Amino acid sequence: MFYAISWFLSFMLLALWSLACWGVHAVTVWAVGSAGALAGGTAAMDAVLLPEWIKVWIPPQLAEEFGAMIASVGPVVQAALETVPALSGAVSVLAWVIWGLGALALMALAVGAHVLIAVLQRRKASPAALGTAGVR
């Protein structure tokens, strides 16, 4: 009974791990694929400026410095955004590697739980067997 419960839980964790990896992969590929659309020039960088609700909470000098910092980093960000769509293939390979390592770890834990259950059942059955063997 304990074996079935441990393996059921292990396979459920593997299914949840697979679903989580698939979801993160799908979102990442979508984000990487659409990153080129943000490389449309200075119009995209102007959209990254501070929202109005944050400007209420910070001093005006800090808001100006933050805007100047974003404007100075703009060309670097634009160059990075232009190269990001080429990385979508690497994202898929990385997702498979991460999923595989996680799946191996979950299966190792499942086998460890199986062995632990076997050892505990053997230890539990051992005193009873010794008690009946010594009565003869």
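The table for this structure:
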read-out: Some residue of segment 100-107 being surrounded by fewer than 11 Cβ atoms within 10 Å (Cβ to Cβ), within 30 Å of Ser6 (Cα to Cα), modelled with pLDDT of 85 or more and not polar (S, T, N, Q); value: yes
read-out: Residue within segment 37-52 that is surrounded by 12 or more Cβ atoms within 10 Å (Cβ to Cβ), at pLDDT 80 or above and over 30 Å from Val111 (Cβ atoms) present; value: no
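The values are calculated or read from the model by the stated rules, or taken from the named source; none is laboratory data. Keep in mind the model is a prediction, meaning the values are calculated, not measured. Cβ: placed from backbone, ideal geometry, glycine included. Neighbour counts: every protein chain shown.
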